[in-house]
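Here's the structure, in structure tokens; my notes come after.
The values are calculated or read from the model by the stated rules, or taken from the named source; none is laboratory data. If you're wondering where the values come from, they're calculated on a predicted model, not measured in any experiment. Every residue, glycine among them, receives a Cβ derived from its backbone with ideal geometry; neighbour counts consider all protein chains shown.
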Amino acid sequence: MELLLATKNKAKKKHYGELLKNQGIKLLSLEDINVKIEVDESGNNPIQNAILKATAYFKETNIPTLALDEGLFFEGLQKELQPGTHVRRINGKRLSDNEMIDYYVGLVNQYGNHGLLPGYFLYGCAICDGNIHSHQYQSKRLFSNKQSKVIDEGYPLDSIQIIESLGKFKSELTKEEEAIILNREQQELLQFVSNIMSQEKKHDNR
């Protein structure tokens, strides 16, 4: 089955495409279907933004669409300092990968303890297939003021996130280690997508 991913981020398309391929789902991007869509992500939280994106992409393409959005929150930070859904856009400016690393290392230095600052990503997931299906879940994170030399393009914060169970930066995980961690963290997402797409397949077979 085919599912359109509502993103222009090539790294995300590759990442989620590999995860969902194991479930028999072929993930498409706008490049694959030669369509351009701009969405005003004006939601107040990850779920609202995911629904906005999934709905807009489906209306334009009539292809079942998966949209993902995330918000980053840190322990002990005041509300106005929380990145929330603006993980890459700070004070109205879209940061490059290197600028993101510098900014978040600065937060760890200012608000962390012994060079570490715990927090979590709040993930919003939505699928639009004519109806809206949504889900959200959290993944805890530990950010460091030290940086790995390995930087994943499109995922710069992986180079300052420490996986406590392994004592390694997220960007330095082997494929096997990453698969285990991601499978554990994103099991809810995969289950959500699998359930909705199974319903879609049953509907198509009627």
Verdict on Val105 being crowded, with 18+ Cβ neighbours inside 10 Å and either closer than 20 Å to Gly119 by Cβ or of a type in the set (A, V, I, L, M) (or both): yes
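Quickly run through the stretch 61-91 and pick out the residues that are under 21 Å from Val35 (Cα atoms) and surrounded by fewer than 17 Cβ atoms within 10 Å (Cβ to Cβ).
First pass over the stretch 61-91, keeping only residues under 21 Å from Val35 (Cα atoms): 61-69.
Scanning the stretch 61-91 gives Thr61, Asn62, Ile63.
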Restricting to the stretch 113-151, count the residues that are within 14 Å of Thr65 (Cβ to Cβ) and free of Cβ contacts under 8 Å to residues at least 24 places away in the same chain. 1
Test result for Asn145, at pLDDT 95 or above and surrounded by 15 or more Cβ atoms within 10 Å (Cβ to Cβ): yes
Please specify each residue of the stretch 76-131 satisfying the condition of being farther than 18 Å from Ser144 by Cβ, out of contact with any strand residue (DSSP E or B) (no Cβ under 9 Å at 6 or more places or on another chain) and in a strand (DSSP E or B). Arg89, Ile90, Lys93, Arg94
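Check the stretch 58-75 and report whether any residue there is over 20 Å from Ser139 (Cα atoms), among the β-branched types (Val, Ile, Thr), in a helix (DSSP H, G or I) and in contact with a helix residue (DSSP H, G or I) (Cβ under 7 Å, 6 or more places away or on another chain).
Step one: filter the stretch 58-75 for residues over 20 Å from Ser139 (Cα atoms), giving 58-65.
Now drop any that are not among the β-branched types (Val, Ile, Thr), which leaves 61, 63, 65.
This time we only want the ones that are in a helix (DSSP H, G or I), so: 61.
Filter once more, so that each one left must be in contact with a helix residue (DSSP H, G or I) (Cβ under 7 Å, 6 or more places away or on another chain): 61.
The answer is yes; a qualifying residue exists.
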Looking at the stretch 1-36, which of the residues that are over 14 Å from Leu66 (Cβ atoms) and either touching a residue at least 60 places away in the same chain (Cβ under 8 Å) or crowded, with 19+ Cβ neighbours inside 10 Å (or both) is nearest to the chain's Cα centre (by Cα)? Ala11
What are the pairs with Cβ atoms under 6 angstrom where one residue, in the stretch 163-191, is on the phi > 0 side of the Ramachandran plot and surrounded by 17 or more Cβ atoms within 10 Å (Cβ to Cβ) and the other, located anywhere, is modelled with pLDDT of 90 or more and part of a helix (DSSP H, G or I)? Sequence gap at least six, or different chains. none
Some residue of the stretch 121-138 being crowded, with 19+ Cβ neighbours inside 10 Å and of a type in the set (S, T, N, Q): yes
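Being part of a loop (DSSP other than H, G, I, E, B) and either on the phi > 0 side of the Ramachandran plot or among the basic types (Lys, Arg) (or both) is the filter here; which residues of the stretch 2-57 pass it? Walk me through it before giving the result.
Initial filter on the stretch 2-57 (part of a loop (DSSP other than H, G, I, E, B)): 6-9, 22-25, 29, 34-45.
Result: Lys8, Gly24, Asn34, Lys36.
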